[in-house]
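Before any comments, here is the structure.
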Amino acid sequence: MKNRLRNKYDVVIVGGGPAGLAAALGAQEAGAEHILLIDREIETGGILNQCIHSGFGLHYFKEELTGPEYAERFIRSVLSGNVEILTDSYVLDISPDLHLEVISGNDGYLHLKGAAVVLAMGCRERTRGAIRTPGFRPAGVMTAGLAQKMVNMKGLLPGRRVAILGSGDIGLIMARRLTLEGCEVVGVYELLPYSNGLTRNVVQCLDDFDIPLHVSTTVAFIHGQNRVERLTIAPVNHQLVPDPSRSRDVNCDTLLLSIGLIPENELSTRLRLRMDPATGGPQVTSTLETSLPGVFACGNVLHVHDIVDFVSEESLRAGRFAAELALGIRRPCDNISLQTGENVASCVPHSLSPDREQTIYFRVKQPMKHCLLTIGDRYEKKFRMLIPSEMIRLTLAPEVLDHYFGGKLKIDVQPQKVA
Amino acid sequence: MYDVIIIGGGIVGCALARELSRYNLRLALIEKEVEVGFGTSKTNSGIIHAGHHSAEGTLKGKFEWAGNQRWDDLARDLKFGFKRIGELLIAQKPEDLQYLEDLKKQGDSRGVTGLEIWEPKQIRKAEPNLSHSILQALHAPTAAVINPYEACFGLIECARQNGAQLFCDHPVMSIRQKDDGFSIQTGQKKFLSQIILNATGVFADRVAAMIGADNFKIFPRKGEEYLLDRRLQGIVSHLIFPTPSATSKGVLIIPTVDGPIMVGPTAEEVDNRENLSTSFAGASKIFASVRKSCPAISERDTITEFAGLRAVSGTNDFIIEPSPVKGFYNIAGIQSPGLTAAPVIATFVTEMLRADGLALTEKSTWKAAIDGPPHFAQMTTRERQAAILDDPAFGRIVCRCESVTEAEIRYAIRHGARTLDGVKFRVRAGMGRCQGGFCTTRIMDLLAQTLAIPLAEITKRGRGSNVCTPRHDDLSVEDLG
Ligand SMILES: Cc1cc2nc3c(=O)[nH]c(=O)nc-3n(C[C@H](O)[C@H](O)[C@H](O)COP(=O)(O)OP(=O)(O)OC[C@H]3O[C@@H](n4cnc5c(N)ncnc54)[C@H](O)[C@@H]3O)c2cc1C
Ligand SMILES: Cc1cc2nc3c(=O)[nH]c(=O)nc-3n(C[C@H](O)[C@H](O)[C@H](O)COP(=O)(O)OP(=O)(O)OC[C@H]3O[C@@H](n4cnc5c(N)ncnc54)[C@H](O)[C@@H]3O)c2cc1C
């Protein structure tokens, strides 16, 4: 096994979820010869392996697949090419000159070098500490993703009577999953005045199962010495502070948290990449290259996506650009800075090149009906509805960009008067 | 029949067990939780106090400095993390300056080494992120930090290696006096012993009452603590103490031995001895107070919080004495600096037993040190390579946030971890940013395999805290057909 591995690669990809797999394909298509994909788990596929529900691939494959099916298609293409896959292996550290320190169940301790490195480590879930819910610390409080893994991979239930705090997509999907498993889901409680999940998930996972969604509501106290026994639920005011006078208690034995995802930043911060506080991930150029030359990022480690199809699309490009760098192919030079304007929470990438068509992603700060998106003064588009939980993806033609050569381009969303 | 039974496996009970294991005694420790250290001893600030804080003329004052000096040897022998990072007690108001002088005098007269008053320039050089409104600070280089639960695990492992017996998950329900000693009934079993040492923390008066030895009362006082993201690591390098007010000792900034910053504790009287809840009020109090000395710290950086109960006695001092019932000793009211003092409390009690006629002959085989658990994260590259070659389980990282390997988790389970918390407190797996989001199921697998129990029986911290339930449909396909 040992001599199988080289110590120098054109492109090394850290993480074998949908992002890493697509990056490997992209690198291969662009002509890189030596590509290594590293994942911590025994199997590639990342989070998709535990997402056994369907709804993946509608954009990318134009058909509805389950998570593992979606991953399978990519894994098959990757396996048929020249990508080396190193699973059960963990990237501990990356040096600024792109040496990777890897430990592996099979191959022991490894040192490798990549001419280019693609970060594709995915994201993690926000935990109870991040919201400081007062109360006891019993068993039965866990993130929705952990519950998903328990149910789908281990054949265990997190409990019998379940409440869900936060209306992120994983929480919504778990509300349906647990109901189908015979659990009683007593309600989903969302701090903000609107759901944080995709509309289709609210309809298909809550409405269709008569599970109530309580917005502007939170868990004000967790009761139970050893195991969750009860929650105090309270509506919140405009400052999002719970109002104890209108609180009530709900009996349950489990509290799932679906309160957001954050990019897995361990390696990005070790590499001292320039970060974007709005996305929680690194800042990148139009070629998805970070502030450290040769290091690229894609998928949820760059910014949290709501649908995996966009992850794949973005990561194919990242892989391609990484390969081009490794092969010494001249890449476009960015000279336009992309910035968030009115009502825009975050955008990716952070700079653009006027040389070719550019793909950008952004999210709005709050739900907006009938609004007008403008990007500089050469691009506008009307939307009937924009919500923070749905990331918008757009492509901009060189003609739109040319005008801003050397300058700044701002994304604004303004409410529109409807006649 | 045992010679001595210690009830309560907190830091005090564990220190007693190790100390008494030096002698030829039939010795056991009985603990109600599934693992030692799961009471107040795991939910505190983890500070080995510098030696100058506790008032003269109290047992606390007597033991703080003596206790402090014991920890270098203990940490070396028992292989737990220990750093003398020093403490700065800051004065932000002119009227606080006198307090610093008085405290320095108290420390100096006790022999506490290195106490120094620092002026703003020196403070700013050492701690650039502290508020610029600090007038003076008292620097105490002897203050140190540890992970208190690691100390418990090390002490008990050493005691066991030297012949002491440990019975966890044995809540003492009743105690009866017999002609030749006591009979102790736990939830599982009956024990007989000549001598009982009651080291049951906040429950000490309840346990003493089982035999009419409760000539004192315990008033639990809750303290909440908040652990912050590694992002803030290094924002201060010393322990930061405010000048205490008449009502409160104030909120501390604690660079924990593992690096992350912790802030706390609060102080609140409670009735319920199991009330370990945290509150909005506690969090706001802590962060409001901390912001005064270190403006960059915010509640948004919290990754987890917890609360602990101080066992405050009516005299507000330690109670370490023979009870009215001969052979039954109370080691109670061990509030702060109880962690610091525990090693000397153990020697003090041992001498008390000797004086009362217990025959103490030293074992020639007694070993002060234990091998201690492996720490992959702290190994050099070469050590890592060797470790993986020796055991491939070192090549499998289970906890990403803290780089904990499967081999370390297996070791922890072989050495007494029975629960998710037990694993977490021994090897830090699940203690980082994701708080177990990724690794919980892997750790459950390892516990289930090693202990040969079904996954559904795994608990967070003992009886009743099961992490999950089996599916309803344990019916097999045939049953449905
Ligand atoms: C619990 C959970 C449930 C989700 N459910 C859905 C859903 O139902 N539908 C949906 O559209 N989206 C879902 N998402 C979002 C989903 O993560 C993305 O759509 C997609 O999986 C992101 O792909 P990725 O490759 O960026 O990340 P991931 O799929 O998370 O893959 C990252 C991979 O990197 C590996 N890795 C990380 N660090 C290292 C390292 N240092 N060394 C080696 N390997 C490493 C990980 O083991 C993992 O395999 C979910 C996310 C989470 C966290
Ligand atoms: C918030 C906070 C911060 C603190 N910070 C510091 C600090 O920084 N430095 C310092 O020196 N001190 C500190 N202290 C004080 C220190 O934590 C205590 O003094 C010390 O932990 C007390 O140890 P113990 O062994 O007496 O009690 P415990 O650790 O509570 O041990 C008692 C044990 O007895 C067991 N028990 C109870 N009833 C029974 C029964 N019926 N049968 C069997 N077993 C039983 C319990 O389960 C428990 O394990 C702090 C305390 C708090 C609350």
Other residues with Cβ under 12 Å from the Cβ of residue A:296 give, with Lys and Arg +1 and Asp and Glu -1, a net charge of 0
Shape call for the range A:179-234 from the C-alpha gyration tensor, a ≥ b ≥ c root eigenvalues: rounded (a/c under 1.5), prolate (a/b greater than b/c) or oblate?
-> oblate
Taking just the C-alpha trace of chain B, give me its Rg and Dmax in Å.
-> 23.1, 84
Expressed in nm to one decimal, what extension gain is obtained for the pair residue B:375 and residue B:281 from 0.36 nm per residue of sequence separation less their Cα-Cα distance?
-> 30.1 nm
Compute the FRET efficiency between residue A:356 and residue B:237 as 1/(1 + (r/R0)^6), taking r as their Cβ-Cβ distance and R0 = 35 Å, and round to the nearest 0.05.
-> 0.10
Against the rule of thumb 2.2 N^0.38 Å, how large the Cα Rg of the protein assembly as shown comes out = 1.01
Taking every residue of B:377-388, the Cβ atoms of other protein chains inside 10 Å of its Cβ average out to 2
Per-residue mean of other chain beta-carbon atoms within 10 angstrom of the beta-carbon, peptide A:141-147?
-> 4
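Answer rounded, prolate or oblate for the range A:77-125, using the Cα gyration tensor with square roots of eigenvalues a ≥ b ≥ c: rounded when a/c is under 1.5, else prolate when a/b is larger than b/c, else oblate.
Here the range A:77-125 falls in the rounded category.
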Note to self: C-alpha centroids of the range B:263-329 and the range A:370-402 sit apart, in Å, by 53 Å
Using the beta-carbon distance between residue B:246 and residue A:270 and R0 = 30 Å, what value does 1/(1 + (r/R0)^6) give for FRET efficiency, to the nearest 0.05?
-> 0.05
Long-range amide H partners of residue B:2 with built H, under 5 Å = B:192, B:193, B:194
Quick one: Kirkwood hydrodynamic radius for chain A, alpha-carbon pairs, angstrom, one decimal?
-> 22.6 Å
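Compare B:336, B:183 by solvent-accessible area with a 1.4 Å probe and give them largest first, with all protein chains kept in place. Provide the component values of the computation, followed by the final result.
Details: B:336 50, B:183 10 Å².
From most exposed to least exposed: B:336, B:183.
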Antiparallel as a % of all DSSP beta bridges within the protein assembly as shown, to the nearest 5?
-> 65 percent
Surrounding charge for residue B:267, neighbours by C-beta under 12 angstrom, Lys/Arg +1, Asp/Glu -1, total +1
Given all pairs of distinct Cα atoms, the range A:163-203 yields a Kirkwood Rh in Å of 10.2 Å
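Mean shadow of the range B:63-191, computed from the convex hull of its alpha carbons, in nm²?
Dividing the Cα hull surface by four gives the mean projection, 12.9 nm².
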Accessible-area ranking of A:238, B:238, A:99, largest first, probe 1.4 Å | A:238, A:99, B:238
Could you list the residues of the range A:182-223 with an amide nitrogen less than 13 Å from a label point located 7 Å from the Cα of residue A:64 in the Cα-to-C-beta direction?
-> A:200-201, A:203-205
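Ranked from the most accessible area to the least, with a 1.4 Å probe and all protein chains present, what is the order of B:2, A:361?
Per-residue accessible area, sorted high to low, gives B:2, A:361.
By average Cβ neighbour count within 10 Å, what is the ranking of A:35-45, A:306-316 from highest down?
Result, highest mean first: A:306-316, A:35-45.
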Express in Å², to the nearest 10, the accessible area of residue B:285 obtained by rolling a 1.4 Å probe over the protein heavy atoms while all chains stay in place.
-> 130 Å²
Can you give the calculated 222 nm mean residue ellipticity of chain A, where each DSSP H run of n ≥ 4 adds -39,500 (n - 2.57) and the sum is split over every residue, rounded to the nearest 500 deg cm²/dmol?
-> -5500 deg cm²/dmol
Percent breakdown of C-alpha pair distances by 5 Å bin, ordered from the shortest bin, for the range A:127-259 | 2, 11, 23, 25, 21, 12, 4, 1, 0
Per residue of B:266-278, what is the mean number of Cβ atoms on other protein chains within 10 angstrom of that residue's Cβ?
-> 2
Calc'd 3J(HN,Hα), the range B:38-48, phi into Karplus 6.51 cos²θ - 1.76 cosθ + 1.60 (θ = phi - 60°), Hz, glycine/Pro = x, comes to 8, x, 4, 5, 9, 10, 9, 7, x, 9, 8
For the range B:209-362, fraction of C-alpha pairs farther apart than 24 Å, in % | 46 percent
Hydrodynamic radius (Kirkwood) for the range B:376-457, which is based on Cα pairs only, to one decimal in Å = 12.7 Å
In sequence order, what are the phi-derived ³J(HN,Hα) couplings for the range A:351-360 according to the Karplus relation 6.51 cos²θ - 1.76 cosθ + 1.60 with θ = phi - 60°, rounded to whole Hz, with x for glycine and proline?
-> 8, 10, 10, x, 6, 9, 4, 10, 9, 10
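Suppose every K and R has +1 on its Cβ and every D and E has -1 on its Cβ; what is the size of the dipole of the range A:127-259 about the Cα centre, in Debye to the nearest 20?
440 debye
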On a C-alpha basis, how far is the centre of the range A:277-324 from the centre of the range B:135-213 in Å? Whole number, if you could?
-> 55 Å
Cα centroids of the range A:241-259 and the range B:349-390: how far apart, whole angstrom?
-> 46 Å
Karplus-derived 3J(HN,Hα) from phi for the range B:175-185 (6.51 cos²θ - 1.76 cosθ + 1.60, θ = phi - 60°), whole Hz, x at Gly and Pro, runs 10, 10, 8, 10, 4, 10, x, 10, 10, 10, 9
Beta carbons within 10 angstrom, averaged per residue: use that to sort the peptides B:372-379, A:382-389, highest first.
-> B:372-379, A:382-389
Roughly what angle does helix A:67-79 make with the longest principal axis of chain A, taking Cα atoms, 0 to 90 degrees, to the nearest 10?
-> 10 degrees
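Given R₀ = 56 Å, what would the calculated FRET efficiency be for residue B:192 paired with residue A:345, taking r from the Cβ atoms and rounding to 0.05? Don't jump to the answer; show the numbers that get you there.
On the way: r = 68 Å, r/R0 = 1.22.
Taking R0 as 56 Å, the efficiency between residue B:192 and residue A:345 is 0.25.
Report for chain B the percent antiparallel among DSSP-assigned beta bridges with both residues inside it, nearest 5.
70 percent
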Calculated [θ] (222 nm, deg cm²/dmol) that DSSP helices of n ≥ 4 give over chain B, each run adding -39,500 (n - 2.57) | -9000 deg cm²/dmol
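The values are calculated or read from the model by the stated rules, or taken from the named source; none is laboratory data. Remember, predicted model here, so these are calculated numbers, not experimental data. A quick note on method: Cβ atoms are made from the backbone with ideal geometry, for glycine too, and the neighbour counts reach across all protein chains shown. Quick note on the areas: whole protein, heavy atoms, side chains included, nothing else; ligands and nucleic acids left out. Shrake-Rupley method; radii C 1.70, N 1.55, O 1.52, S 1.80 Å.
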